[in-house]
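See structure below.
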Amino acid sequence: MPVPKENEHYTYTDYCEWADNERWELVNGRPYQMAPGPSPTHQNISGQLYRLLSDFLEGKPCKVFCAPLDVRLNADADDDTVVQPDLLIVCDQSKLDEKGCTGPPDMVIEVLSPSSQQRDRFIKFQIYRQAGVREYWIVDPESQTIQAHVLHDGNYITYVFGNDNTVPVHILDGCSINLSEVFPR
């Protein structure tokens, strides 16, 4: 299995040939190797968010998924962007196939890690906005905050919430997340 080179352009076909024991993301044809495994704090926060969202979505058409699940943001002829967000919500089940999600999910949540912070805040922010992800949360375990980016007229409006706040999930009517249930004390 070839190891991707930073200065080469790759597609989803190339991505599928890379080693299964390594996690990669592909953004506009550029490969990014992901860290071997998230911290227990990262996993706890991600797990709590998954549980709260999954409980709310029980019996509803939208579904929440956790990493690793391939998301092909521009599943078209170029097909050169594949990400694995920590959590995602998909309301259009036709976007799901046996390989993952084809097209933008309705919501993406990234829990920051030291190795992914820059990519999540800047690179993924742009590609999620451009792809039309309706809501993008960046969860910062260090500051115990959530930046909720809500798509409006092609741009994100950003809201920041701290540990004792309740965060509305804009894409899900009636859903809100109390951050005291998410962040460890």
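Derivation of every value follows stated rules applied to the coordinates shown; laboratory data play no part. Because the structure is predicted, anything quoted here is derived from the model rather than measured. Using ideal geometry, Cβ is built from the backbone for each residue, glycine included, and neighbour counts are taken over all protein chains shown.
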Report the Cα centroid-to-centroid distance between segment 71-104 and segment 115-185 in angstrom, as an integer. 19
Placing unit charges on C-beta atoms (Lys and Arg positive, Asp and Glu negative, everything else neutral), compute the dipole magnitude of the chain about its Cα centre in debye, rounded to 20. 360
Counting only helical runs of four or more DSSP H residues, what would the 222 nm mean residue ellipticity of the chain come to if each run contributes -39,500 (n - 2.57) and the total is spread over all its residues? -5000 deg cm²/dmol
Which Cys in the chain stand alone, with every other cysteine's Cβ at 4.7 Å or more from theirs? C16, C66, C101, C175
Residue by residue through segment 54-61, the couplings from Karplus 6.51 cos²θ - 1.76 cosθ + 1.60 with θ = phi - 60°, in Hz, x for Gly and Pro, are 4, 4, 5, 7, 3, x, 9, x
Which residue, C175, C16, C66, tops the fluctuation ranking in a GNM of the chain built on C-alpha contacts under 10 Å? C16
Quick one: dipole size for segment 53-105, taken about the Cα centre, charges +1 on Lys/Arg Cβ and -1 on Asp/Glu Cβ, in debye to the nearest 20. 220
